[in-house]
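One structure is given below, encoded as structure tokens.
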Amino acid sequence: MARVDIIMPQMGESIAEGTLSKWLKKVGDEVKRDEPIFEISTDKVDAEIPSPAAGVLAEIIVKEGETVAVQTVVARLETEKGAALGKSEAPAPSESTSQPVASAGKEASSPAPQREITPAPAPTRQQPPAPAIAATHTGNGNSFEDRVRTKSSPLVRKIAAEHGVNIASLQGSGVAGRVTKRDILGFIDSGASTPTLVPGGRASSHDLPLPQPWAGDVVEPMSKMRALISEHMVASRHTSAHVTSFIEIDFTRVAKIRAKNRAEFEATTGQKLTYMPFIIKAVTQGLKAFPVMNSSVAGTNVIYRKQINIGVAVALDWGLIVPVIKRADDLSLSGITRALNDLAARARAKKLSPEEVQEGTFTITNPGVFGSLMGTPIINQPQVAILGVGAIEKRPKILPGVDGEDTIAIRTCAYFSISFDHRIIDGAVADQFLGFVKKTIESFPETGL
């Protein structure tokens, strides 16, 4: 018999940890290969993780509700078939799940190489706890910064530095005392008086108290997904210099094309045709024309993504999720429609796999579906831009008439917004991108279906 390690998978480029929300098997249970064995929760997805091999669940290391770093061993499976794999070679759960439907009809591509520096895996529970971190700089290889790095991710250290927080003063909730994003943001929001470090070495404290419930108030804890979304949004604001621009787009031509071809399209493909596939098609062309909009910031470097993977925000009763259409620029309008509808339906049914919320390079959110005219969305890290789509509705517009005089006409229009990272994207470039998307939609070819 041999034991195979079951690890916490990485749920996205910017995700360094995950929460094991529920065990679906108990010690001693027989498990089939690819059978769901536990559930995990992040700000991007709630997903069931399949077993990498068949066998018997021999050991559960991480309990329900615990948050651990990616690649942490959460359990061990006893199996003769696992002997050839070895503990260190056990495949990650993500390797046994299906590829996103957006890649249907293509050869399954190998996983993209890691493109950003991530913190080293936290030590497992069999290792002794990390030593206490001193708050002094020794000037050698065991400096304050070096030792903090063993207990926190680069993002946590960045947030701490911006708020003058001494990480060494915090008790981390992660494995081996690691300080997590939740720890640092919770400390900042709590207004705790624990000493902090500010420029110049002066001590300071946060004195803003938490709000207290009043008589008759109802207090409920955030759901796991809501708490993680909260962390991700605050972290994004800490990371990127957010700026938002707006533009109005005339959808009258697309509306006529859609009305003319909708019945035949839906009968032929079996897919509901909405405005979103037209928008995605225009955006993919815009990202090719302005590649900085499809990039990521890595320190002082800019990573220009060759893949165009479009994330589309889907509102759920219990939160928000962003499934990703991989290589959207290679898909026809019908291919985009099929991928979009399938991902949205499975997102609402909690049937998405981890791969289907990973590796997005640009995100589109559609508050207009609820009637909102426009919005200022928060960038989905580590991306550098996000497009907001307002309500598509009929409006009176002033147009030039054939006789040279202005006329009033009824047009189908919408306001678009683009929130972008001003660290690497200038306002002129963002506005040119919006202008390109506008022109593409307003001149969409009738044969584009």
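Quick rundown of the values:
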read-out	value
Failed criterion for T407 (all others in (1) polar (S, T, N, Q); (2) part of a helix (DSSP H, G or I); (3) loosely packed, with under 12 Cβ neighbours inside 10 Å hold)	(2)
Residue in the stretch 421-449 that is modelled with the lowest pLDDT, counting only those that are open to solvent by less than 20 Å² (accessible area, probe 1.4 Å) and among the aromatic types (F, W, Y)	F444
Residue identified as modelled with pLDDT of 95 or more, closer than 21 Å to R258 by Cβ and of a type outside the set (D, E, K, R) among G368, G390	G390
Residue list for the stretch 263-310, filter: among the small types (G, A, S) and modelled with pLDDT under 95	A263, A267, G270, A298, G299
Filtered residues of the stretch 190-224 (kept if of a type in the set (A, V, I, L, M, F, W, C) and at pLDDT below 75)	A192, L197, V198, A203, L208
Flag if R182 is modelled with pLDDT under 90 and surrounded by 18 or more Cβ atoms within 10 Å (Cβ to Cβ)	yes
Residue that is least open to solvent (accessible area, probe 1.4 Å) [pool: residues in the stretch 64-79 that are touching a helix residue (DSSP H, G or I) at 6+ places or on another chain (Cβ under 8 Å) and of a type in the set (S, T, Y)]	T72
Failed item in (1) open to solvent by less than 30 Å² (accessible area, probe 1.4 Å); (2) modelled with pLDDT of 90 or more; (3) closer than 25 Å to K224 by Cα; (4) of a type outside the set (D, E), with I60 passing the rest	(1)
Any helices (runs of 4 or more DSSP H) falling wholly within the stretch 215-297 and containing at least 1 residues that are closer than 27 Å to R395 by Cβ, aromatic (F, W, Y) and out of contact with any Ser or Thr (no Cβ under 8 Å at 6 or more places or on another chain)	276-289
Test: residue in the stretch 24-35 that is at pLDDT 85 or above and of a type in the set (G, A, S)	yes
Residues located in the stretch 409-420, provided they are modelled with pLDDT of 95 or more, farther than 24 Å from A235 by Cβ and small (G, A, S)	A414
Some residue of the stretch 351-373 being under 22 Å from the mean Cα position of the chain (by Cα), open to solvent by 50 Å² or more (accessible area, probe 1.4 Å) and basic (K, R)	yes
Test for K397: is it surrounded by fewer than 18 Cβ atoms within 10 Å (Cβ to Cβ) and of a type outside the set (V, I, T)	yes
Criterion: crowded, with 16+ Cβ neighbours inside 10 Å, closer than 21 Å to I386 by Cα and β-branched (V, I, T) - qualifying residue of V283, V302	V283
Positions within the stretch 206-250 being within 16 Å of Q381 (Cα to Cα) and aromatic (F, W, Y), in sequence order	none
Subset of the stretch 366-394 (residues that are under 11 Å from I418 (Cβ atoms) and either among the β-branched types (V, I, T) or in a helix (DSSP H, G or I) (or both))	T376, I379, V384, I386, V389
All positions within the stretch 325-357 that are touching a Pro at 6+ places or on another chain (Cβ under 7 Å), closer than 19 Å to N294 by Cα and among the aliphatic types (A, V, I, L, M)	I336, V357
Any chance I418 is in a loop (DSSP other than H, G, I, E, B), of a type in the set (V, I, T) and either on the phi < 0 side of the Ramachandran plot or open to solvent by less than 20 Å² (accessible area, probe 1.4 Å) (or both)	no
The listed residue being touching a helix residue (DSSP H, G or I) at 6+ places or on another chain (Cβ under 6 Å) and closer than 25 Å to R226 by Cβ, out of G319, G311	G319
Scope the stretch 314-340; condition outside any loop (DSSP other than H, G, I, E, B) and within 24 Å of E39 (Cα to Cα); matching residues	V314, A315, L316, G319, L320, I321, V324, I325
Enumeration of residues in the stretch 380-394 that are touching a helix residue (DSSP H, G or I) at 6+ places or on another chain (Cβ under 7 Å) and surrounded by fewer than 21 Cβ atoms within 10 Å (Cβ to Cβ)	A391, I392
Hey, V402 assigned to a loop (DSSP other than H, G, I, E, B) and either over 30 Å from Y304 (Cα atoms) or within 21 Å of the chain's Cα centre (by Cα) (or both) or not	yes
Qualifying positions in the stretch 209-230 - crowded, with 16+ Cβ neighbours inside 10 Å, in contact with a Gly (Cβ under 9 Å, 6 or more places away or on another chain) and of a type outside the set (V, I, T)	K224, M225, L228
Selected residue (only one of S240, S245 is under 29 Å from H422 (Cα atoms) and modelled with pLDDT under 95)	S240
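The values are calculated or read from the model by the stated rules, or taken from the named source; none is laboratory data. Every value quoted in this text rests on a predicted model; they were computed, and no experiment measured them. Backbone-built Cβ (ideal geometry, glycine too); neighbour counts: all protein chains shown. Just so you know, the surface numbers come from the protein's heavy atoms only, side chains and all, with ligands and any DNA or RNA stripped out. Shrake-Rupley method; radii C 1.70, N 1.55, O 1.52, S 1.80 Å.
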